[in-house]
Each structure stands twice: as C-alpha cells, then as structure tokens.
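Structure first, then comments.
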Amino acid sequence: MRMVESMLVAAVTRLDVDKVLALAVSEIQSGKDSIEIIEETRQGMTQVGHLYDQGKYFLADLMMSAEIFKDVISLVSDQANAIAVIEPSATILFGTVKKDIHDIGKNLMISLLRFNGYKVIDLGVDVAPERFAEGCIEHRASIVCLSGLITQSYDSMRLTVQALEKMGLRPGVKVVIGGLVNEQVRQYTKADYWVKDCSEGVKLCSSLFNLKTHQEIS
C-alpha cells in the first residue's frame, strides 16, 4: 500500500496529471480513505513548493500543482455526492469568516466531510457573524466550522461566537476554528476547538458526532 501512496506523491511532484488522476481514481475505486488520498496529493504539492523555492520549478509549475490538487478534490467530491448522509442531525455549517476570502482549506475539508457522509452547508467566504447564527438556526447545525487565514480573521471569529451566544445557540453548538490558528487564538475567540489541518478536522467532527449520539442514547 505504501508503494501506491509513494507513486501518488511522486506523480504530483513530477506534475504528471494523467498519472495522478489515474492513481486517484484507482484508489477511490479500491475503497481507500479519501483523507489519505488527499493527504498524499498534498504532500506532492508540498514537494512542488520546495522545488519552486529551490529555483528548480517555476511559477507556472506551482500553479499547475494547485490545479492538480483541485482535480483530485473534484474526484473525491464526485464520489461524496453518491454517499448518503449519516443522519439528519449530523449537519455542519462551514464558512470563511468576515474580512477573509481564502477558501482552499475550507473547500478541501468540506469535500472530505461530505465524502465521509456528513451534510455540510457551505456559506462561502467573507461571512458575517450574524449569517453564521442565522444559518445555524435555519439548518439546525450542531457544529460550526470557522476558517480564517489572516490575523484580521480572529476578531471575526470572536464576533461570530458572540453572535451564536446572543442567539442562545452555544449550549448545543460546538465551534471549531481552522486556518492560521492555535490554542491562543482559540482562547481569544472562545471557540471550543482548533485544528491545524483538514484530516484532523474531519476526525474531530466525527468524534463530536459520536459523542453527541452517545449522550442522546444515554
């Protein structure tokens, strides 16, 4: 199995689009975890970045690796559309907070969550705090994921948590932040959790839903 994973990383590093897509399709059909497929692709993209920093690759190569990454995400997303939602209450509200328009990380994690059977409502980018609160009520979401990759995002995240509190939603809603964040940012924003990458975020959401289901049964 490690040989196939190494082949995928190598194919992305070489910018061999056809090989990457062929390997990705093969792994999807064999039932390989979507998170692993995306992670291998990300590793290859990271290698391309290193080669660019060393002057061995050009800007066009860096941009091509980003397109390859998007193609793999698209393949994973197509498979996710055929998977039923785990349960009606397993709804996640997701968005990039106000003053930030970065969406690559957001889109990746949403693809992985959907592939794993969760219903995800994507509010897009530059989302106002009030819109998160409204969306949470509208879709009865029990997890709200806030993405931000600039320092201005911290205040937006904090205001979003406050908006949820004002609407009386916090007791039943867990807030997860991701992007350019750490424990200090979590404490500042009053969020419940922070994650450093998409794989960790998917695992966290899964554990939160499992905990919620256990508490309801108990």
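The values are calculated or read from the model by the stated rules, or taken from the named source; none is laboratory data. What you see is a predicted model, and the numbers here were worked out from it, not measured in a lab. Note: ideal-geometry Cβ built from the backbone for every residue, glycine included; neighbour counts use all protein chains shown. Just so you know, the surface numbers come from the protein's heavy atoms only, side chains and all, with ligands and any DNA or RNA stripped out. Shrake-Rupley method; radii C 1.70, N 1.55, O 1.52, S 1.80 Å.
Those residues that are among the hydrophobic types (A, V, I, L, M, F, W, C), open to solvent by 10 Å² or more (accessible area, probe 1.4 Å) and in contact with a Lys or Arg (Cβ under 8 Å, 6 or more places away or on another chain), I need them from the stretch 128-180; list them, please.
Of everything in the stretch 128-180, those that are among the hydrophobic types (A, V, I, L, M, F, W, C), open to solvent by 10 Å² or more (accessible area, probe 1.4 Å) and in contact with a Lys or Arg (Cβ under 8 Å, 6 or more places away or on another chain) turn out to be Ala128, Ile150, Leu159.
Name the residue that is farthest from Thr91 (Cα to Cα), counting only residues in the stretch 181-190 that are polar (S, T, N, Q) and open to solvent by 90 Å² or more (accessible area, probe 1.4 Å).
Going through the qualifying residues, I end up with Gln184.
Here is a yes/no grid of residues against (1) in the same structural domain as Lys203 (by the TED database); (2) modelled with pLDDT of 80 or more; (3) farther than 30 Å from Val161 by Cβ:
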{"site": "Leu59", "(1), (2), (3)": "no, yes, yes"}
{"site": "Met63", "(1), (2), (3)": "no, yes, yes"}
{"site": "Phe69", "(1), (2), (3)": "no, yes, yes"}
{"site": "Val72", "(1), (2), (3)": "no, yes, yes"}
{"site": "Leu75", "(1), (2), (3)": "no, yes, yes"}
{"site": "Ala84", "(1), (2), (3)": "no, no, yes"}
{"site": "Gly95", "(1), (2), (3)": "yes, yes, no"}
{"site": "Lys99", "(1), (2), (3)": "yes, yes, no"}
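If you take the residues in the stretch 194-210 that are surrounded by 18 or more Cβ atoms within 10 Å (Cβ to Cβ) and either of a type in the set (Lys, Arg) or not in a helix (DSSP H, G or I) (or both), which one is nearest to the chain's Cα centre (by Cα)?
Val195
Go over the candidates Asp122, Asp126 one by one and state the one that is in contact with a Phe, Trp or Tyr (Cβ under 6 Å, 6 or more places away or on another chain), assigned by the TED database to the domain that holds Ala191 and without any contact (Cβ under 8 Å) to a residue 40 or more places away in the chain.
Criteria check complete, one pass: Asp122.
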